[in-house]
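A short write-up of the structure that comes next.
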Amino acid sequence: MKRFLALVLLIITSVIVFAPSSYAAEKKYQSWNAIIDEMDSILNDSYDIYFMKDSDRAKERVNNAYFGFYEKHGVERAVMSYISGKRGTDTEYQFAKIKRLMTDGAPNKTVRAEIDVLLKMLHEDANELDGKKESGWSILLASFIIIFREGLEAILVIAAISAYLVRSGNLPMVKVVYMSSLFAVFASILAAIALHSIFDISGANQEMIEGVAMLLATVVLFFVSNWMFSKAEAKAWKNYVEGKVQTAVSSGSSFALGFAAFLAVFREGAETILFYQAMLAEAKEHMDMVWYGLAIGCFVLAIIFILIRFGTMKLPIRPFFIGTSTLMYIMAIAFAGGGVKELQEADIIPVTPVDFVHSIDILGIYPTVETLIPQIFMILVVIISVVYLKAKHNKQNV
């Protein structure tokens, strides 16, 4: 628990350190509608360029509207915090859909129609955001949503791994997980500096970094969950847990557990810091509510951590091990979809919409073929892996 508090304090300190950011100096718009009006002009310009048969330059203008305004000036954060995460995701995919149509050389009328859909969405959101008075309570709620949404997945991973290690008799190994998490916060701070100050990394490259981190996390989490599940079924491991056999977690597994915790924290750490930078710059007289929202969010995450870390300890050994490994499997599948989504936003992977699927952020489910295929593949791999491990276990008991 002390290490969890240290992690929270480090996050808060990093936000304080970067609060007087250049973001505030860059922002020159007096309303959300003013930003969207600028985006309106850029997107219409992109259509005019596409009409002149220059699809590459047209896509550059779409990217300028997305990375240079929607992300840079905080529209994305405001929509996800004050309207809904689904709305933010739907808007992001509308940008991607337009670029995909331009790449495919779609008819002018089709591209024009999709740009009009996007502009309608943007203006609707701007009107709603401008209509919301920045009350202290709304800022508190937005602040809470940011830290809860960005921190939930990391807390689930860290708590499940920690509980597993304690229950399996490897309490000293928990330190590796906690230290990896703390190191990830330091790495996130350095990444925030690099993204915002030193290298001026573009939005597309930021999405690419996040996407690669999530896909790497998918592989690591699958390895960890598979390892947990195999130990849950292994008779020798159960004997060890009961104190009848003395063994130890291998160095390779030790690294994987720590690396899983690191990736879970790092993948969204820098973006979380930048989100709070922007919020502090906008909060004005309600700045204290940003800190209250952050504190409440951290408190709720701490409760979730405690429930998983300590509340599951009385469960029978086999259900406990299977439960923690199942949680890791689910997180691996979610990260597979989320990683591809980030690479789509970076314009590295194309977007093929699936209209009947709705976004579910926490599960990494998004309405595109490219995000759903790796998740379906991961589900099949998990099923095959579980069947294989159970068959191996049954064979050993024959």
Residue, modelled with the lowest pLDDT, within the stretch 255-279, restricted to residues that are more than 18 Å from V185 (Cβ to Cβ) and either open to solvent by less than 10 Å² (accessible area, probe 1.4 Å) or in contact with a helix residue (DSSP H, G or I) (Cβ under 6 Å, 6 or more places away or on another chain) (or both):
A278
Could you list, in sequence order, all residues of the stretch 160-189 that are polar (S, T, N, Q) and surrounded by fewer than 21 Cβ atoms within 10 Å (Cβ to Cβ)?
N170
Of all residues in the stretch 60-87, count the ones that are within 24 Å of R112 (Cβ to Cβ) and small (G, A, S).
2
Note on the stretch 346-357: residues modelled with pLDDT of 80 or more and open to solvent by less than 50 Å² (accessible area, probe 1.4 Å) are I349, V351, T352, V354, V357
Within the stretch 358-369, the residues that are modelled with pLDDT under 90 and assigned to a helix (DSSP H, G or I) are D361, I362, L363
For a quick check of your reading of the model, give me the residue pairs whose first member lies in the stretch 94-121 and is farther than 26 Å from N33 by Cα, whose second is aromatic (F, W, Y) and surrounded by fewer than 20 Cβ atoms within 10 Å (Cβ to Cβ), with beta-carbon atoms closer than 7 Å and at least 6 apart or on different chains.
N108/F51
So D116, is it more than 30 Å from L294 (Cα to Cα) and exposed (fewer than 14 other Cβ atoms within 10 Å of the Cβ)
yes
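The values are calculated or read from the model by the stated rules, or taken from the named source; none is laboratory data. All values derive from a computational prediction rather than experimental measurement. Glycine gets a Cβ as well: all are built from the backbone with ideal geometry, and neighbour counts include every protein chain shown. These area figures cover heavy atoms from the full protein model, side chains too; ligands, DNA and RNA do not enter into them. Shrake-Rupley method; radii C 1.70, N 1.55, O 1.52, S 1.80 Å.
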